[in-house]
1. For the condition at pLDDT below 90, open to solvent by less than 30 Å² (accessible area, probe 1.4 Å) and of a type in the set (Gly, Ala, Ser), what is the one hit in Ser324, Ser311?
2. Out of everything in the range 345-370 that is more than 16 Å from Leu237 (Cβ to Cβ) and either touching a Cys at 6+ places or on another chain (Cβ under 6 Å) or acidic (Asp, Glu) (or both), what residue ends up being most open to solvent (accessible area, probe 1.4 Å)?
3. Of all the strands (runs of 3 or more DSSP E) wholly in the range 222-332, which have at least 1 residues that are free of Cβ contacts under 8 Å to residues at least 60 places away in the same chain and basic (Lys, Arg)?
4. Assess whether Val171 counts as being touching a residue at least 40 places away in the same chain (Cβ under 8 Å), in a loop (DSSP other than H, G, I, E, B) and within 20 Å of the chain's Cα centre (by Cα).
5. Name the pairs: first residue in the range 200-215 and within 9 Å of Glu280 (Cα to Cα), second residue exposed (fewer than 15 other Cβ atoms within 10 Å of the Cβ) and of a type in the set (A, V, I, L, M, F, W, C), Cβ to Cβ under 8 Å, at least 6 apart or on different chains?
6. Can you find even one residue in the range 136-145 that is closer than 19 Å to Tyr67 by Cβ and not β-branched (Val, Ile, Thr)?
7. Residues of the range 122-153 being under 21 Å from Asp61 (Cα atoms) and either free of Cβ contacts under 8 Å to residues at least 40 places away in the same chain or open to solvent by 10 Å² or more (accessible area, probe 1.4 Å) (or both), which ones?
8. Can you tell me which condition Gly6 does not meet? The list is (1) small (Gly, Ala, Ser); (2) in contact with a helix residue (DSSP H, G or I) (Cβ under 8 Å, 6 or more places away or on another chain); (3) surrounded by fewer than 22 Cβ atoms within 10 Å (Cβ to Cβ), and all the others hold.
Amino acid sequence: MLFFSGGSALRHLCQELIAHTHNSTHLLTPFDSGGSTAELRKCLNIPALGDLRSRLTALIDPNRKDYRAITQLFSFRLDTHKSRDASISFIQELIDGKSSMISPISSPLKQIIQEYLRTFCVEIDKQFNYNQAAIGNLILAGGYLKYSQIEPCLFELSGAMSVRGKVRLTVNENYHLVASLADGKTLIGQHNITGKDTPPIDSPIQSLHLSSTLETNNPVRCSVSDINSKLIKNADLICYSPGSFYSSLLANFLPEGISKAISQNPNPKVYIPNLGSDPEAHGLSTEKSIEKLVRFLSHHLSNEKNRALKSPNFLTHVLIDHHSQYYEGEVDDAKWAKLGIKIMRCDLTSDAYAPYYDPKKLSKAILSLG
């Protein structure tokens, strides 16, 4: 199974999936530009690594004795009320093995973490702002600096952490997301689109592209790697996951070659729409999100703005809960059936996980398609 998504939306689902399969691939967007991630990207000229951290920890074998210690360390954030020197001292205690947060972690993972943090401290600019920085992000940044790319770092960490799946960035580029709105505004940076760090957008998103800088809109193109293209083509099931519709899902398809790889895969492709409201999806019903997904993939394959909506090669199933009140508007089953797309209505929610999908029910439904 191959999942296109952002970092945090699938945490509970991943923890459920690894009880059934260790053969999943996760392609994540590298375009986050908010919070402490923005500081790391600015200082080191690297892609966003926070979603990788979130997905790696979600896929760790929970039977490891040091499972809790690993997840706590990777998610731990430095205190905004402490001085810069105090933050550096805390990291140095991790490197020296004196911190109670690293002592329970077994070898060789402990040594890898220490080596990556040591590299980070040597290379990072003295003006770097440590406020709210996630230790896991600093570890990944150190691994990136050691190898000058992220793939060897992910390979090494995944093995040492007992990650039950494959986690990769869609592209290894330090680019930024740009959204053009219906009212003529242009928003540069994912943090200006999501409605988390800034007020929610009040006009529908018309189009997305990438910029080489965050300061100005400097359109740029990039291509998917041969490895990622092969992973997409050979997947037994492709899943378009719930999460922020534009910045976590559609942004994955901006690199050239991804739409083509998807279209060449003959196996099922399932879209799982968001439950409830998505701040990015202003004016976008659930029905329109299905249409937007197919048109977006079609456009980036053919480069024809008005290509007809008739491509089941991009989508074969839409998985939704049988309670329609969870969605924005109704979904027309017959309309999509004519296009070769099956609307599957299942029991996917529970009181325990509202307003999100129940991971056990959702994983069972996804596995039934594979």
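The values are calculated or read from the model by the stated rules, or taken from the named source; none is laboratory data. Keep in mind the model is a prediction, meaning the values are calculated, not measured. All Cβ positions, glycine included, derive from the backbone under ideal geometry; neighbour counts span all protein chains shown. Side chains included, ligands, DNA and RNA excluded: accessible areas come from the protein's heavy atoms. Shrake-Rupley method; radii C 1.70, N 1.55, O 1.52, S 1.80 Å.
1. None of the other options fit; the residue is Ser311.
2. Filtering the range 345-370 down to residues more than 16 Å from Leu237 (Cβ to Cβ) leaves 345, 347-361.
Checking the rest, the ones that are also either touching a Cys at 6+ places or on another chain (Cβ under 6 Å) or acidic (Asp, Glu) (or both) come to 347, 351, 358.
Working: Asp347: 72, Asp351: 150, Asp358: 20 Å².
Here the answer is Asp351.
3. On the way: elements: 238-240, 269-271, 317-321.
Fully inside the range 222-332 and qualifying: 269-271.
4. On the way: touching a residue at least 40 places away in the same chain (Cβ under 8 Å): yes; in a loop (DSSP other than H, G, I, E, B): yes; within 20 Å of the chain's Cα centre (by Cα): yes.
Against the criterion (touching a residue at least 40 places away in the same chain (Cβ under 8 Å), in a loop (DSSP other than H, G, I, E, B) and within 20 Å of the chain's Cα centre (by Cα)), Val171 qualifies.
5. Pro204/Ala182; Ile205/Ala182
6. Residues of the range 136-145 closer than 19 Å to Tyr67 by Cβ: 136, 139-140.
Then drop every residue that is not not β-branched (Val, Ile, Thr), which leaves 136, 140.
Yes, the conditions are met somewhere in the range 136-145.
7. Glu151, Pro152, Cys153
8. It is condition (3) that Gly6 fails.
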